[in-house]
Amino acid sequence: MFFRLKYLFALILFFPLLPCHAQTCTGSVGDPIVNITFGSGTTFGPPLPAGTTSALNYVASTCPPDGNYSILGYTKGCYPDVGWHTVTDHTGNSNGFFMLVNASYAPSDFYLQTINGLCQGTNYQFAAWLLNMCSLTSILPNITFTIEKTDGTPLASFNTGNIPVTNPAAWKQYGLNFTTPVGVSTVVLRMRNNAPGGMGNDIALDDITFRPIGPLVTIDGESALDSTIICMDAPRDILLQSTVEDCYVSKAYQWQVSTDHGVSWSNIPGATGDSYLRTMDQAGVDMYRLAFAEASNINIPTCRVFSEPYTISVYKNDVRTISISKPDGPVCEGNPVAFMADTSFGGRHPSFQWQLNGNPVGSDSVSFTSGALATGDVVSCIFTSSIPCNTPAVSNSIMVTVGKKMTSTIDTSICTGEQFSGYGNSGTYVDTFTANNGCDSVRTLHLLVRPTSSSILDTSICYGSSYRGYTETGVYNEHYISANGCDSTYTIRLTAVHGVGVGPDVDTSLCAGDTIAFSPGGFDTYAWQDGSTGGNYLVSEPGDYMVTVTNVCGVATKRYTVAGRVCTVVFPSAFTPNGDGANDVFKVLNGYQLISYRCVVMNRWGERVFESFDPGKGWDGRVNGHLASPGTYVWFCVYTRKEEIGEKRLRGTVELVR
């Protein structure tokens with residue numbers, strides 16, 4: 001089902017390709033000629049170059065389907081029927097990519113590459129890291145590594161056998177060693193999946209390498225380890241000596257140095273013997289290794305092997321520095337103060353011993369914080385670098401002056417509506433200000449809000465009279481001083497009322513099913529003819545109605561006469577436009593209280609023969625001045641009637657008779 005590749009930039013846990021024996025001439029390796037790690041990133045890697053796979057298609061997916069592959073850094077939760085593993089690249093690099101393959105149904109090549117510039121009679125290693133993606137029993141991947149001539153002639157091959165299910169997922173390196181025949185400098189590398197696709201045969205692939213291998217080359221310095229540390233105040237030269245497995249008839253050496261921690265290497269001019277004397281002339285960290293090959297191949301990068309590197313670190317003495325500081329501003333009583341160390345040349349694991357008045361305090365940290373300092377206390381720090389050749393350094397000293405906090409209490413009162421320092425409610429308030437010494441000044445305010453008194457009078461007068469000197473409608477406030485010293489407010493809401501006036505009696509009509517609301521106006525009391533006392537009276541039947549109203553200025557009576565009326569909108573079903581004065585026009589028969597109106601008449605072909613927006617205007621049976629043919633016509637009407645909600649629609653037919 002699925003096949004996957006990925007790559008890493010880290011140390012590799014190497015599973016030996018073949019058992020190691022004395023005099024195998026495969027103990028050291030050269031720089032990779034091929035090193036496919038598939039890159040790194042946070043999404044998906046690009047597809048492989050054209051021709052690298054023979055039957056697989058690229059797809060940017062964490063779960064590629066059969067016959068597809070993806071370049072990615074993580075997959076999880078795919079294909080539960082075979083239980084795909086959750087997998088990242090084999091080095092553990094969180095951003096590293098690998099190749100994930102969901103195999104095609106037919107066996108196919110999933111990796112092809114041509115390599116040039118090889119040396120005849122030289123040993124090489126072709127290897128890759130593989131992982132069976134399935135955690136449940138299924139078709140097992142089976143991979144063949146092949147090295148061929150460009151014409152397809154096999155030179156060497158290796159078969160992994162069925163790659164087993166492992167739980168948990170486990171990467172393993174597979175590959176083979178071979179020796180280039182005479183006359184061969186170009187080969188084709190091929191990895192073929194022999195198993196069919198379907199339920200299983202899904203694989204992850206990472207770190208494909210092809211590199212020279214050769215005699216075991218080791219170098220020794222003055223240390224049993226692979227590194228030496230030297231201080232500049234006691235310089236000395238270091239002799240590096242090599243031991244090389246005896247595999248070549250003619251052999252050559254080339255010492256190399258790296259000043260960037262093994263990222264790049266350069267030849268040391270003239271250093272072509274089996275030993276090298278390193279003269280200490282300046283500080284730095286240098287790595288040394290020995291390249292070894294047949295004499296004719298020593299300058300060909302694809303044909304030589306290397307020893308493991310030996311590191312010589314030369315350090316200057318006591319280059320570390322430390323200074324401590326605290327934030328600007330005053331040190332105030334009870335407030336924590338943070339002291340910070342600024343250092344140089346501390347290495348990866350420096351240590352700090354803070355001191356207060358010469359006594360150890362705090363923790364092994366770049367900072368020290370205390371809230372219990374007193375005036376005259378002295379803070380310093382002893383700094384120890386983890387870089388060799390540096391003795392402990394003592395920082396500058398900081399003497400502190402601690403300012404006192406100030407406190408005060410205020411008891412006061414205000415009247416409702418007033419404020420004291422921004423506060424308008426009774427309560428206790430604590431505010432912090434900055435005193436002259438730069439420290440906090442804390443003020444506690446106990447505030448009492450004295451109430452103001454108020455009263456409201458709603459009253460009415462008739463026009464022409466007065467109340468407390470006021471004659472017009474309005475709100476009048478009178479202010480006094482109460483016993484607690486705060487304002488007392490007397491509010492008069494005065495209404496000046498006209499004499500009782502209800503207007504003339506009302507005669508009106510009412511459509512069947514409608515209602516009318518009568519409202520005589522604003523008064524103190526209402527008495528309707530049926531004994532109800534509301535300010536509004538709803539009428540749904542014709543008849544005589546009466547109301548008697550009163551206010552401070554008198555009494556009045558008003559009568560309402562309501563006549564019944566038919567208001568239904570209807571149209572005639574036929575008309576005879578013959579000029580006899582009877583039924584000559586087609587129009588609405590009852591247009592009472594219509595506030596919008598539209599009527600359209602159409603012939604049997606859907607042509608408009610008449611249209612009107614006036615309910616009083618009808619069709620006289622003519623079209624463009626000519627008599628319309630007798631027959632049936634279709635009409636529709638849209639209207640809105642007073643006191644009704646929404647638009648109404650009617651339609652029907654009318655017979656024109658001549």
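The values are calculated or read from the model by the stated rules, or taken from the named source; none is laboratory data. Everything numeric in this text was worked out from a predicted model, so none of it was measured. Glycine also receives a Cβ, built like all others from the backbone with ideal geometry; neighbour counts cover every protein chain displayed.
Assess whether Gly198 counts as being within 49 Å of the chain's Cα centre (by Cα) and at positive phi.
Values: within 49 Å of the chain's Cα centre (by Cα): yes; at positive phi: yes.
Here the answer is yes, as Gly198 does meet what is asked.
Which of the strands (runs of 3 or more DSSP E) found entirely inside region 515-561 contain at least 2 residues meeting this: within 22 Å of Cys462 (Cα to Cα) and not small (Gly, Ala, Ser)? If you could, list the steps in order and put the result at the bottom.
Numbers: elements: 516-518, 525-528, 537-539, 543-551.
It comes to 525-528, 543-551.
Hey, Gly334 hits all of (1) at pLDDT 90 or above; (2) in a loop (DSSP other than H, G, I, E, B) but one; which does it fall short on?
That leaves (1) as the condition not met.
Give Arg641, Arg622, Arg608 a once-over and let me know the one that is closer than 16 Å to Thr568 by Cα and not acidic (Asp, Glu). Full working, then the answer.
Numbers: Arg622 fails: closer than 16 Å to Thr568 by Cα; Arg608 fails: closer than 16 Å to Thr568 by Cα.
Within the list Arg641, Arg622, Arg608, the selection yields Arg641.
Yes or no: region 573-588 includes at least one residue that is closer than 23 Å to Cys511 by Cβ, surrounded by 15 or more Cβ atoms within 10 Å (Cβ to Cβ) and either touching a Ser or Thr at 6+ places or on another chain (Cβ under 7 Å) or not aliphatic (A, V, I, L, M) (or both).
Yes.
Which condition does Ala156 not pass, out of (1) assigned to a loop (DSSP other than H, G, I, E, B); (2) more than 22 Å from Gly67 (Cα to Cα); (3) small (Gly, Ala, Ser), if it passes all the others?
All conditions pass for Ala156, except number (1).
Hey, among Asp458, Asp411, which residue is touching a strand residue (DSSP E or B) at 6+ places or on another chain (Cβ under 9 Å), modelled with pLDDT of 90 or more and of a type in the set (D, E, K, R)?
Working: Asp458 fails: modelled with pLDDT of 90 or more.
Answer to the check: Asp411.
For region 271-285, which positions are farther than 12 Å from Ile230 by Cα and out of contact with any Asp or Glu (no Cβ under 9 Å at 6 or more places or on another chain)?
Ala271, Thr272, Gly273, Asp274, Ser275, Tyr276
Are any residues in region 263-294 surrounded by 12 or more Cβ atoms within 10 Å (Cβ to Cβ), over 16 Å from Gln241 (Cβ atoms), more than 51 Å from the chain's Cα centre (by Cα) and not charged (D, E, K, R), and if so, which ones?
Met280, Ala293
Is there a residue in region 618-634 that is closer than 29 Å to Ala563 by Cα and free of Cβ contacts under 8 Å to residues at least 60 places away in the same chain? Walk me through how you get there before you give the answer.
Keep residues of region 618-634 that are closer than 29 Å to Ala563 by Cα, which gives 618.
Still in the list and also free of Cβ contacts under 8 Å to residues at least 60 places away in the same chain: 618.
Yes, region 618-634 has at least one match.
Any chance region 299-307 includes a residue that's under 30 Å from Ile115 (Cβ atoms), among the hydroxyl-bearing types (Ser, Thr, Tyr), surrounded by 14 or more Cβ atoms within 10 Å (Cβ to Cβ) and touching a Lys or Arg at 6+ places or on another chain (Cβ under 7 Å)? Even if it seems obvious, please write down each step before you answer.
We begin by selecting, within region 299-307, every residue under 30 Å from Ile115 (Cβ atoms); these are 299-307.
With among the hydroxyl-bearing types (Ser, Thr, Tyr) added as a condition, the list becomes 302, 307.
Those left that are additionally surrounded by 14 or more Cβ atoms within 10 Å (Cβ to Cβ): 302, 307.
Now restrict to residues that are touching a Lys or Arg at 6+ places or on another chain (Cβ under 7 Å): 307.
Yes, region 299-307 contains at least one residue that is under 30 Å from Ile115 (Cβ atoms), among the hydroxyl-bearing types (Ser, Thr, Tyr), surrounded by 14 or more Cβ atoms within 10 Å (Cβ to Cβ) and touching a Lys or Arg at 6+ places or on another chain (Cβ under 7 Å).
Kindly list, by first and then second residue, each pair from a residue in region 89-110 that is free of Cβ contacts under 8 Å to residues at least 24 places away in the same chain to a residue that is outside any strand (DSSP E or B) and surrounded by 24 or more Cβ atoms within 10 Å (Cβ to Cβ), limited to pairs with Cβ atoms under 9 Å and residues at least 6 apart or on different chains.
Final answer for the pair search is Ser94/Gly73.
I'm checking my understanding of the structure. Among residues of region 468-490 that are within 60 Å of the chain's Cα centre (by Cα) and either part of a loop (DSSP other than H, G, I, E, B) or surrounded by fewer than 14 Cβ atoms within 10 Å (Cβ to Cβ) (or both), which one is modelled with the highest pLDDT?
To start, the set of residues in region 468-490 that are within 60 Å of the chain's Cα centre (by Cα) comprises 475, 486-487, 489.
With the extra rule that they be either part of a loop (DSSP other than H, G, I, E, B) or surrounded by fewer than 14 Cβ atoms within 10 Å (Cβ to Cβ) (or both), the set shrinks to 475, 486.
Details: Val475: 92, Cys486: 85.
Across region 468-490, the extreme among qualifying residues is Val475.
Would you pick out the residues in region 430-485 that are closer than 30 Å to Ile410 by Cβ and acidic (Asp, Glu)?
Passing the criteria: Asp431, Asp440.
Filter region 419-445 down to the residues that are under 30 Å from Asp487 (Cβ atoms) and free of Cβ contacts under 8 Å to residues at least 12 places away in the same chain and list them by number.
Gln419, Gly422 - these are the residues of region 419-445 that are under 30 Å from Asp487 (Cβ atoms) and free of Cβ contacts under 8 Å to residues at least 12 places away in the same chain.
Of all residues in region 371-389, how many are surrounded by 15 or more Cβ atoms within 10 Å (Cβ to Cβ), at pLDDT below 95 and either in a strand (DSSP E or B) or over 47 Å from the mean Cα position of the chain (by Cα) (or both)?
Of the residues in region 371-389, 1 are surrounded by 15 or more Cβ atoms within 10 Å (Cβ to Cβ), at pLDDT below 95 and either in a strand (DSSP E or B) or over 47 Å from the mean Cα position of the chain (by Cα) (or both).
Evaluate region 415-432: report whether one residue or more is more than 27 Å from Thr343 (Cβ to Cβ), surrounded by 16 or more Cβ atoms within 10 Å (Cβ to Cβ) and hydrophobic (A, V, I, L, M, F, W, C).
no
Kindly indicate whether Pro327 is surrounded by fewer than 17 Cβ atoms within 10 Å (Cβ to Cβ) and within 27 Å of Met406 (Cα to Cα).
Working: surrounded by fewer than 17 Cβ atoms within 10 Å (Cβ to Cβ): yes; within 27 Å of Met406 (Cα to Cα): yes.
The answer is yes for Pro327.
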